[in-house]
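Here the structure comes first, spelled out in structure tokens, and everything after it is commentary.
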Amino acid sequence: MMKLKLTHLLVLAALPAAFAASAADDQPLSPWYVGIGAGQNNYGPNCESSVMMTCGSDDPFAWEFFSGYSFNEYIAVEIGYRDLGNADWVDYNNNHNDIDVKGGTLGVVGTWPLRYNWSLNAEVGGYVFTNHNNVNHGESDFYHQSVSPYYGVGIGYDITKNLQLSAKYRRYEDIDETRFANLDMDSNYWGLTLSYRFNGPAAPVAAAAPAVVAAAPVDSDNDGVTDDIDQCPNTPIDHKVDAQGCTIYIDKLDDLKIEVQFDNNSTVLKPDTLGEIEKAAKFLSKYPKAQVEIAGHASLPGKEDYNMWISQKRADVVAKMLVEKYGIDANRITSKGYGETEPVIQGSSAEANAANRRIVAKAVFKEKQPLLK
């Protein structure tokens, strides 16, 4: 075969300079692009593979033009026209064949961007071609139309954001000469393409917003936090607040402890003990959720069962007074006798007996209260 006409490739390689000035770096790109290409095509297996054929002079120059649409930076579709050049041979019947192949293409192109403006690409599609065989220098012409699958790979370089130069390899299958069915017309193509991607519409220039004079911040409830960040408006003036303008609360513990003594073998409340019971009533009224246990006790003399019974009666008497006289809910009061099991003074002296005949009531209540300034 003849060597490829290098002048065609030199012209193609020189074209980027003619377009580079049109690239606008600050303008978005359109999905549409166009391109041209040129290269060398080799029909194979060629005629040297048959002892029945003799090769003549071939023109391997092939060229193309195309247009494409990019869905994104990875996938595009292309439609174009390709001329794969000529093949020239003499068959076993001594007929001189001069064949050329040309037609339209439709395919998908995938691109994988690399660093420094380089990229890899791969393509696959169909070639709707016309195979024209000029037999014996014009004695007869034969035409055959069909579809050939093709695929290819390449490497590209972005000269500008609009221009890309790519080196391509393509393989076309089954581009056969059908009149004499004597040549397998598969094709291998090597060449260059130059594509130009159009600029999209310029982005609209946003109008300058009028200057806004910020209003002075307002603190409507005078808590030291302005209304624009105050999440708790109208807090009391004497409350300390956090960064969001909400009252700071602290836990306050309040406890109750009363002790009432009884006479020997008695469950009757003595007049001088009523103040202790009133103290318990005030605590329970102040904290409506508080609970209290009234524990009854007895001195050590006497039988154990009797002491347990009388200690329970003493606890019940105090509980009853809290309910009936002071209106405390009975569900908040527990009364329980402990008999002689928990003496405060060991032994059976007069002092120990007087101290141990008693009831004890204890309660603790935790309440959240605002922290004041």
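Within the stretch 284-301, being in a loop (DSSP other than H, G, I, E, B), farther than 17 Å from THR267 by Cα and touching a residue at least 40 places away in the same chain (Cβ under 8 Å) holds for TYR287, LYS289, ALA290, GLN291. State whether the residues of the stretch 278-286 include one that is under 30 Å from LEU372 (Cα atoms) and touching an Asp or Glu at 6+ places or on another chain (Cβ under 7 Å). No. Looking at GLY126, GLY110, GLY104, just one residue is within 41 Å of the chain's Cα centre (by Cα) and under 16 Å from GLN145 (Cα atoms), and that residue is GLY126. Screening the stretch 327-350 for residues that are within 60 Å of the chain's Cα centre (by Cα) and of a type in the set (D, E, K, R) and picking the one that is surrounded by the fewest Cβ atoms within 10 Å (Cβ to Cβ) gives ASP329. Given the criteria surrounded by 14 or more Cβ atoms within 10 Å (Cβ to Cβ), of a type in the set (S, T, N, Q) and at pLDDT 90 or above, does ASN117 qualify? Considered against the rule, which asks whether it is surrounded by 14 or more Cβ atoms within 10 Å (Cβ to Cβ), of a type in the set (S, T, N, Q) and at pLDDT 90 or above, ASN117 comes out as no.
From the list TYR151, TYR127, pick out the single residue that is surrounded by 18 or more Cβ atoms within 10 Å (Cβ to Cβ) and modelled with pLDDT of 90 or more. The unique qualifying residue is TYR127. The residue pairs whose first member lies in the stretch 247-258 and is farther than 11 Å from VAL364 by Cα, whose second member is at pLDDT 85 or above and aromatic (Phe, Trp, Tyr), and whose beta carbons are closer than 9 Å, counting only pairs six or more residues apart or on different chains, are ILE258/PHE283. Whenever a residue of the stretch 302-330 is touching a residue at least 24 places away in the same chain (Cβ under 8 Å) and of a type in the set (Val, Ile, Thr), its partners that are buried (at least 21 other Cβ atoms within 10 Å of the Cβ) and in a loop (DSSP other than H, G, I, E, B), lying with C-beta atoms within less than 6 angstrom and at least six residues away or across chains, give the pairs ILE310/ALA298. One residue stands out among those in the stretch 145-169 that are of a type outside the set (Ser, Thr, Tyr) and more than 36 Å from the chain's Cα centre (by Cα): the one that is nearest to TRP118 (Cα to Cα), which is LEU165.
Picking from THR341, THR334, which residue would you name as being in the same structural domain as GLN261 (by TED's automatic domain parsing), closer than 19 Å to GLN312 by Cβ and not in a strand (DSSP E or B)? Steps first, please.
Details: THR334 fails: not in a strand (DSSP E or B).
Every option except THR341 fails the conditions.
Here ILE99 passes the criteria (1) part of a strand (DSSP E or B); (2) crowded, with 17+ Cβ neighbours inside 10 Å; (3) touching a Ser or Thr at 6+ places or on another chain (Cβ under 7 Å) except the one numbered (3).
Kindly indicate the residue of the stretch 130-143 that is surrounded by 12 or more Cβ atoms within 10 Å (Cβ to Cβ) and assigned to a strand (DSSP E or B) and also modelled with the highest pLDDT among those meeting that condition. Let's see the steps before the verdict.
First, pick out the residues of the stretch 130-143 that are surrounded by 12 or more Cβ atoms within 10 Å (Cβ to Cβ): 130-136, 142.
Now drop any that are not assigned to a strand (DSSP E or B), which leaves 130-135, 142.
Details: THR130: 86, ASN131: 80, HIS132: 81, ASN133: 77, ASN134: 80, VAL135: 77, PHE142: 74.
Within the stretch 130-143, the match that is modelled with the highest pLDDT is THR130.
Whether any residue in the stretch 227-234 is on the phi > 0 side of the Ramachandran plot, modelled with pLDDT under 85, assigned to a loop (DSSP other than H, G, I, E, B) and in contact with a Ser or Thr (Cβ under 7 Å, 6 or more places away or on another chain) is what I want to check. Checking the stretch 227-234: not a single residue is on the phi > 0 side of the Ramachandran plot, modelled with pLDDT under 85, assigned to a loop (DSSP other than H, G, I, E, B) and in contact with a Ser or Thr (Cβ under 7 Å, 6 or more places away or on another chain).
Per-residue answers, yes or no, for (1) of a type in the set (Val, Ile, Thr); (2) closer than 30 Å to LYS240 by Cα:
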{"site": "GLY275", "(1), (2)": "no, no"}
{"site": "TRP309", "(1), (2)": "no, no"}
{"site": "VAL318", "(1), (2)": "yes, no"}
{"site": "SER335", "(1), (2)": "no, no"}
{"site": "GLU367", "(1), (2)": "no, yes"}
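Across the stretch 351-373, what is the total count of residues that are in a helix (DSSP H, G or I) and surrounded by 15 or more Cβ atoms within 10 Å (Cβ to Cβ)?
We begin by selecting, within the stretch 351-373, every residue in a helix (DSSP H, G or I); these are 351-356.
Next cut, surrounded by 15 or more Cβ atoms within 10 Å (Cβ to Cβ) only: 352-356.
Number satisfying all stated conditions: 5.
Of the numbered criteria (1) buried (at least 17 other Cβ atoms within 10 Å of the Cβ); (2) under 22 Å from LEU253 (Cα atoms); (3) touching a Phe, Trp or Tyr at 6+ places or on another chain (Cβ under 8 Å), the one SER311 fails is (2).
Residues of the stretch 241-294 that are surrounded by 14 or more Cβ atoms within 10 Å (Cβ to Cβ), closer than 30 Å to THR226 by Cα and among the aliphatic types (A, V, I, L, M): VAL241 alone.
The values are calculated or read from the model by the stated rules, or taken from the named source; none is laboratory data. The structure displayed is predicted, hence computed values, not measured ones. Using ideal geometry, Cβ is built from the backbone for each residue, glycine included, and neighbour counts are taken over all protein chains shown.
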